[in-house]
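Written out below as structure tokens is the structure these notes cover.
Just so it is clear, none of the values below were taken in a lab; they were calculated from the coordinates. Please read all numbers here as calculations on a predicted model, not as lab measurements. In this analysis, Cβ positions are derived from the backbone assuming ideal geometry, glycine residues included, and neighbour counts consider all displayed protein chains.
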Amino acid sequence: MLHTINKSPFEKNSLGTCLRLAKPGSDILLIEDGVYSVIKGSAMESKVREATKEHTVYALGPDLKARGIEENRLIEGVKVVGYDGFVELAADNDRVQSWL
Amino acid sequence: MGNGAKKFMYVNRRAPYGTIYALEGLEVVLIGAAFDQDVSMAFVDDGVFQLKKGQDTGESNMKNFSPTYHALGDYEVTKLYVDRESLGERGLSQDDLMELTYEDEDDDYKEKPSIRIVDRKELMKLMEEQDVILNF
């Protein structure tokens, strides 16, 4: 299953709850304000680092760019994908859960 | 329910009156139920407040839609999973929730509770079993 999260983790707990309920091995893609989760040195870092051990964590490049977050600011282990990668993830997974 | 029925889970994570999510979600569930699918609902995070008993909007000029949850059983929506951790974090227990029941047509129309309190692992497993998951 692919999980997408589009909310900042500092405003909503969508990412926290997703990580609590997502089966190990599932893909997690951060989009829109969700990309604020993957900045190195933030209060989310340890949680996201933990998540990269059980899941593959992706962030959407264009949304990072739009927000001025350069790739060298990202927590190690987080993979950046473009829209094509988003499409591939959605196609490769049997289901998608969009956390709001 | 036909064999072609898909498993739909509606995940509710918002409190009832501050935003429109809860009411809209409930309406989608009722619409979806008309299509003869295998429907369940999960209540997680502030979503558990939707099921709090004793809601009274009389003085606040809003529609109290909590009685609608009692109708779910008649639409064959009989599986309402409530996340135990979310309840506990908010100082609530099962006694704080509305008593929602359905009549089990396979068991002489006995009245049975619709709400099931589940832990994280059970909910994780239930989500994995679904064909479609919609979040509200």
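A few comments on the model shown:
- Between B:ASN64 and B:GLU76, full extension at 0.36 nm per residue minus the direct alpha carbon distance yields a gain of 2.1 nm.
- Relative exposure of B:ASP104, A:ASP94, judged by other C-beta atoms within 10 Å (fewest first): A:ASP94, B:ASP104
- Cβ neighbours within 10 Å from other chains - mean over A:23-32: 1
- Inter-label distance, nm, simple model (7 Å from Cα along the C-beta direction), B:ASP56/B:ASP108: 3.9 nm
- Cβ-based exposure ranking for B:ASP119, A:ASP27, in which fewest neighbours within 10 Å come first: B:ASP119, A:ASP27
- Taking Cα atoms only, the orientation of helix B:21-33 departs from the longest principal axis of chain B by about 20 degrees.
- CD proxy at 222 nm, helix term only [per DSSP H run n ≥ 4: -39500 (n - 2.57); per residue of chain B; nearest 500]: -6000 deg cm²/dmol
- Remark: B:LEU126, B:LEU72 ranked as B:LEU126, B:LEU72, counting other beta-carbon atoms within 10 Å and listing the fewest first.
- Taking a ≥ b ≥ c as the square roots of the Cα gyration tensor eigenvalues, the stretch B:1-107 comes out prolate, since a/c reaches at least 1.5 and a/b is larger than b/c.
- When the inverse distances between all different Cα atoms of the protein assembly as shown are averaged and flipped, the Kirkwood radius reads 19.1 angstrom.
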